[in-house]
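Worksheet for the structure shown next.
Please treat every number below as a calculation from the coordinates, not as lab data. Not measured: the values here are computed from a predicted model. Using ideal geometry, Cβ is built from the backbone for each residue, glycine included, and neighbour counts are taken over all protein chains shown.
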């Protein structure tokens, strides 16, 4: 379980706040109004890029490439999903098309 920043505080279980991706999801709303998938997830979760790189294990150069619209690997989707507390299928569903996902890597 995550460590608390305040002595004696109970850690928040983020799983109870999980909302599957679909109509009405905040990320879906952002994408529908013009944001790209990476920016939408990134904004929703409030990580700065350095922290995102550290939490996911994805190199900073690769994070920057994703933010510029590069294709995403399946392993990166899994790492991002774990960091954001969502299912990999949620991130895959938010991609603009199947050509943006590289399977098997």
Measure off 7 Å from each Cα along the Cα-to-Cβ vector at residue 74 and residue 100, then give the distance between these two points in nanometres to one decimal.
-> 1.9
In this structure, the FRET efficiency calculated for residue 49 and residue 6 from their beta-carbon separation, with R0 = 30 Å, to the nearest 0.05, is 0.70
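Counting helices only, and only those DSSP H runs with n ≥ 4, report the 222 nm mean residue ellipticity of the chain as the sum of -39,500 (n - 2.57) divided by its residues, in deg cm²/dmol to the nearest 500.
-13000 deg cm²/dmol
Taking a quarter of the surface of the Cα convex hull of the chain, what do you get in nm²? Present the calculation step by step, with values, prior to reporting the outcome.
Working: hull surface 29.2 nm².
Spelled out: convex hull of the Cα atoms, projected over all directions, averaged, 7.3 nm².
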Run the quick spin-label model on residue 93 and residue 19: label points 7 Å from Cα toward the beta carbon, then report their separation in nm to one decimal.
-> 1.3
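What is the order of 38, 17, fewest Cβ neighbours within 10 Å to most? Before the final figure, lay out the partial values.
Values: 38 21, 17 8.
Least to most surrounded, the residues fall as 17, 38.
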